[in-house]
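Values quoted throughout were computed directly from the atomic coordinates according to the rules given, and no laboratory measurement underlies them. What you see is a predicted model; the values in this text were computed from it and never measured. Virtual Cβ from ideal backbone geometry, glycine too; neighbours counted across all protein chains shown.
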Amino acid sequence: MAPSGSSTHSRKSDKCPGCGAQLRSTRYDVGWDVVIPTKHCVQCGYNKTDEEMLASGLAKLRERMNASVKVVAIGDGLGIRFPKEIVDHYAIRKGGKVEIRPGRKRLEIVL
Ligand SMILES: [Zn+2]
């Protein structure tokens, strides 16, 4: 028998795997009005985000980014103009370095 029988867990998914405290539902604002629901532990700071919600949220975010990037002339070359929201979101700085990974039909920019 347990000394203090306080085993009133309703849903096991609402418990923090780190400290066992009750997880609180919160929302992770990634910008562009895209908000991903997540569960947060106020005791140890653990975050649990639903993989599907995260994927769909990031897909939405990607859509908006796709629409707002422009290619501009820089000297005798071309550059990508990052909108202010993207600069802020990814903390891109003038003179900073990014890594470009070429694919067959896409370029990946790694910060
Ligand atoms: Zn916790």
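Comparing R64, R24, R101 in a Gaussian network model of the chain, where Cα atoms under 10 Å apart are tied by springs, the biggest mean-square fluctuation is seen for R101. With 28 Å as the limit on Cα-Cα distance, the pairs of K84/K105; K48/K94; K70/K97; K39/K60; K60/K105; K60/K84 that go past it are K48/K94. Computed over every Cα-Cα pair of the stretch 12-67 and binned at 5 Å starting from 0, the pair-distance distribution P(r) comes out as 4, 21, 24, 18, 14, 10, 6, 2, 0 percent. In degrees, nearest 10, range 0 to 90: what is the angle between the Cα axis of helix 51-67 and the longest Cα principal axis of the chain? Helix 51-67 sits roughly 20 degrees off the main axis of the chain.
Under a Gaussian network description of the chain, with springs only between Cα atoms under 10 Å, the residue in K84, K39, K48 that fluctuates furthest is K84. For the chain, pairs of C-alpha atoms spaced more than 24 angstrom apart make up 48 percent of the total. About the centre of its Cα atoms, the chain shows a dipole size close to 160 debye [charges on the beta carbon of Lys, Arg (+1) and Asp, Glu (-1) only; nearest 20 debye]. Under the criterion of Cα pairs below 8 Å and six or more residues apart, the relative contact order for the stretch 60-110 equals 19 percent.
May I ask you to compute the full-extension gain from K70 to T26, defined as 0.36 nm times their residue separation minus their alpha-carbon distance, rounded to one decimal in nm? Write out the running numbers ahead of the final one.
Working: separation 44, 0.36 × 44 = 15.84 nm, distance 3.41 nm.
Result for the pair: 12.4 nm of gain on full extension.
Its Cα centre serving as origin, the stretch 12-67 has a Cβ charge dipole (Lys and Arg +1, Asp and Glu -1) of approximately 160 debye.
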